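Here, each number is a calculation from the coordinates, and none is a lab measurement. Here the structure is a predicted model, which means the values were calculated and not measured. Don't worry about glycine lacking a Cβ; one is built from the backbone with ideal geometry, like all the others, and counts go over all protein chains shown.
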Ligand SMILES: Nc1ncnc2c1ncn2[C@@H]1O[C@H](COP(=O)(O)OP(=O)(O)OP(=O)(O)O)[C@@H](O)[C@H]1O
């Protein structure tokens, strides 16, 4: 059996007294495009930096492709990382970036790098400091993919891009991963960025994993229920309430249920991925008792 791309057990990271990641337990299978979603300060960058070995855990453990993150050249060669804001060297040209990549990466694929640079229409003689944000993001992605890594880790790769550049960037990323069977973990504040591209999802808020799993399974086990106003405790057994709201007459619940909901008094609807993520993002950190709220 192949190693999972990422396995974290009780993973915790503190900066002094500030907790950036709390007791995170996750398994990400290989060959997935993983969306890591959460608001500012949720701990996304911390998790990604732990995965590439830029940080070490305060407690718990993490393995990436079966190895300890950052442990030696072989492990480093397996993982391509693009940090937030796609850092590049302002005074180096595009071609000089590729030369630098070739010198520092044993598995460097120069033909792939040159092909991508041509595809995205970058001038090899242009200095990186003169590129637009979108072009810099594309250059950084090119450097990461030309390493031919087994896993690509991208920290908010589309945050600084306009909607067209976002779409182009994600399209290029998808084309690359489909062709080369690379696993990808990419973070964003917005699920709308990732909705069309990811097949595995991790939602982080306030340093904790709120939900994680295959997108198909998550979509097949979460529902919106509407019906006459009722207490959450009166929902069918086995239903976990993620979010609930009420008017004078009607109650709406976002729920997780592993069994089909068979209750004629409720309308059962599928959610979009965005609805699902928003429900978890707005769920209090310590799940409140599912009691009926006062109507607003
Ligand atoms: N070097 C550091 N020293 C102290 N606290 C830090 C440090 N880096 C991150 N933190 C704190 O850890 C928490 C998680 O930060 P992190 O950067 O991982 O979040 P994030 O989800 O990536 O946020 P954003 O979307 O804003 O980039 C935050 O409360 C942040 O203030």
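Over the range 220-281, calculate the relative contact order: mean separation of alpha carbon pairs under 8 Å at least 6 apart, over the residue count, as a percent.
Averaging sequence separation for qualifying contacts and normalising by length gives 44 percent for the range 220-281.
Could you check the simple spin-label distance between residue 125 and residue 196, using points 7 Å along Cα→Cβ, in nm with one decimal?
About 3.6 nm separates the two model spin labels.
Taking the Cα centroid of the range 3-26 and of the range 194-217, what is the distance between the two, rounded to the nearest whole Å?
Between the Cα centres of the range 3-26 and the range 194-217 lies a distance of 16 Å.
So how far apart, in nm, are the two label points at residue 74 and residue 219 if each is 7 Å from Cα heading toward Cβ?
Each label point lies 7 Å from its Cα, and together they span 3.9 nm.
Calculate for the chain the 222 nm mean residue ellipticity that helices alone would give, adding -39,500 (n - 2.57) per DSSP H run of length 4 or more and normalising by residue count, nearest 500 deg cm²/dmol.
Working: 9 runs with 86 residues, N = 296.
Theoretical 222 nm ellipticity from helices: -8500 deg cm²/dmol.
Taking the Cα centroid of the range 90-144 and of the range 154-174, what is the distance between the two, rounded to the nearest whole Å?
16
How much length is gained if the chain between residue 84 and residue 265 is pulled fully straight, taking 0.36 nm per residue apart and subtracting their Cα-Cα distance, in nm to one decimal? Each step should come with its number before you reach the end.
Details: separation 181, 0.36 × 181 = 65.16 nm, distance 4.78 nm.
Working it through step by step, the gained length comes to 60.4 nm.
Order of 236-246, 184-194, 205-215 by packing, highest average Cβ count within 10 Å first?
Details: 236-246: 16.1, 184-194: 21.5, 205-215: 18.5.
Those peptides, ordered most packed to least, come out 184-194, 205-215, 236-246.
Given a Förster distance of 22 Å, report the FRET efficiency between residue 18 and residue 160 from their Cβ-Cβ distance, rounded to the nearest 0.05.
Working: r = 26 Å, r/R0 = 1.17.
The computed FRET efficiency comes out at 0.30.
Evaluate the distance, in nm, between pseudo-label points positioned 7 Å from the Cα of residue 27 and of residue 249 along their respective Cα→Cβ axes.
It works out to 4.9 nm between the two label points.
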